[in-house]
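Below: one structure, written as structure tokens.
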Amino acid sequence: MVVNRNLSKAVDDYFTETIVAPDPALEEALAANAAAGLPSIDVSAPQGKLIHLLARMTGARQALEIGTLGGYSTIWLASALPDDGRLITLERNARHAEVARKNVARAGLGGKVEVRTGTALETLPKIAAEGLGPFDFVFIDADKVSNAAYLEWALRLSRPGTAIVVDNVVRDGEVADARSADPDVIGVRRMFELMAREPRLSATAIQTVGAKGWDGFALAIVK
Ligand code: SAH
Ligand code: DHB
Ligand code: MG
């Protein structure tokens, strides 16, 4: 691994202390996650702020998140929405969902955010059946194996102009290995194949280094 992890974390810390300026509720959420034994696979603070800024730049009011964990990215995203905005976030693990609900409430965002417990491929059809959406912003960050299916759902629940962000699409560079046997990498590559052939999407992907190592995200807009 060529990336100097200590140095890229120091740069992330520098950006976080200077311009990212996370709300104390975000720090409290990370502390509560650690206390509850959740894995620290949340987005980094600079990336959370990026999602927040993208949501504001696109004027998002209705947002959908797939993969809540303890609600760290949820708080970044929900705090970008207007007072009458709404975020539905999907989490398979009931314990993660419970920690997230508490973190979101502590951040004062309980009225805007609904954490739905269940496997996303079961909760997404219910969201469609309830007539919810279209969503203005979708953040895909759950299991990587189902990434293509999540992108299909994001499209189905979208409108022209919807922004879609997919996390963890680089995986230490393994995404470029067409022969990778890693199910996560295969899932990410299937998602990219769909993104490539789907005429309704215009997309890019950006590699990142930082506190979370070498990874990246894809960004798409629905035409
Ligand atoms: N977005 C969070 C991190 C999410 S980590 C943040 O940045 O703060 C991925 C989460 O997806 C985990 O909590 C995991 O339990 C959840 N998950 C995994 N598979 C899932 C599935 N099939 N349906 C819903 N959630 C799932
Ligand atoms: C994993 C999931 C994530 O969403 C992430 O940001 C990092 C790692 C994982 O499942 O390993
Ligand atoms: Mg992620």
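Among Gly131, Pro183, Ser146, whose Cα projects farthest towards the positive end of the dipole of the chain, with charges put on the beta-carbon of Lys, Arg (+1) and Asp, Glu (-1)?
Value computed over the given set: Gly131.
What are the lysines whose alpha-carbon lies under 17 Å from the alpha-carbon of Lys144, with same-chain residues fewer than 8 places away excluded?
Answer for Lys144, where 17 Å is the Cα cut-off: Lys212, listed by chain and number.
P(r) tail for the chain, what percent of Cα pairs lie past 21 Å? Please list the in-between numbers first.
Details: 13160 of 24753 pairs.
Beyond 21 Å sits 53 percent of the P(r) for the chain.
Hey, which aspartates and glutamates would be in cross-link range of Lys9, C-alpha to C-alpha under 19 Å, not counting anything within fewer than 8 residues on its own chain?
Cross-link targets: Glu17, Glu27, Asp42, Asp167, Asp172, Asp215.
Starting with the fewest neighbours, write out Trp214, Trp153, Trp76 ranked by other beta-carbon atoms found within 10 Å of each beta-carbon. Each step should come with its number before you reach the end.
Numbers: Trp214 18, Trp153 24, Trp76 27.
Going from sparsest to densest Cβ surroundings: Trp214, Trp153, Trp76.
May I ask you to list the aspartates and glutamates whose Cα is less than 12 Å away from that of Lys126, ignoring any residue fewer than eight positions away on the same chain?
Partners found: none.
Among Val175, Val166, Val222, Val11, rank each residue by its count of other Cβ atoms within 10 Å, from fewest to most, as a rough exposure measure. Present the calculation step by step, with values, prior to reporting the outcome.
Values: Val175 23, Val166 26, Val222 19, Val11 15.
Starting with the residue having the fewest Cβ neighbours, the order is Val11, Val222, Val175, Val166.
Would you mind ranking Arg197, Arg86 by Cβ crowding within 10 Å, fewest neighbours first?
Ascending Cβ contact count within 10 Å gives the list Arg197, Arg86.
Roughly what % of DSSP beta bridges within the chain run antiparallel, to the nearest 5?
Counting only bridges with both partners in the chain, antiparallel ones make up about 40 percent.
Only four residue types carry charge here, +1 at the Cβ of Lys and Arg and -1 at the Cβ of Asp and Glu. Report the dipole size of region 111-201 about the Cα centre in Debye, rounded to the nearest 20.
I would put it at about 320 debye.
About the Cα centre of region 5-222, how large is the charge dipole given +1 on each Lys and Arg Cβ and -1 on each Asp and Glu Cβ? Please answer in debye to the nearest 20. Don't jump to the answer; show the numbers that get you there.
Working: 24 positive and 28 negative charges, 79 e Å.
Result for region 5-222 is approximately 380 debye, rounded to the nearest 20.
Name the residues whose placed amide hydrogens come within less than 5 Å of the amide hydrogen of Lys112, ignoring near sequence neighbours (fewer than 5 apart) on the same chain.
Correct list: empty.
Laboratory data are not the source of any read-out in this text; all were calculated from the coordinates shown. Model, not experiment: these values are computed from the prediction. With ideal geometry, Cβ positions are generated from the backbone for all residues, glycine too; neighbour counts draw on all protein chains shown.
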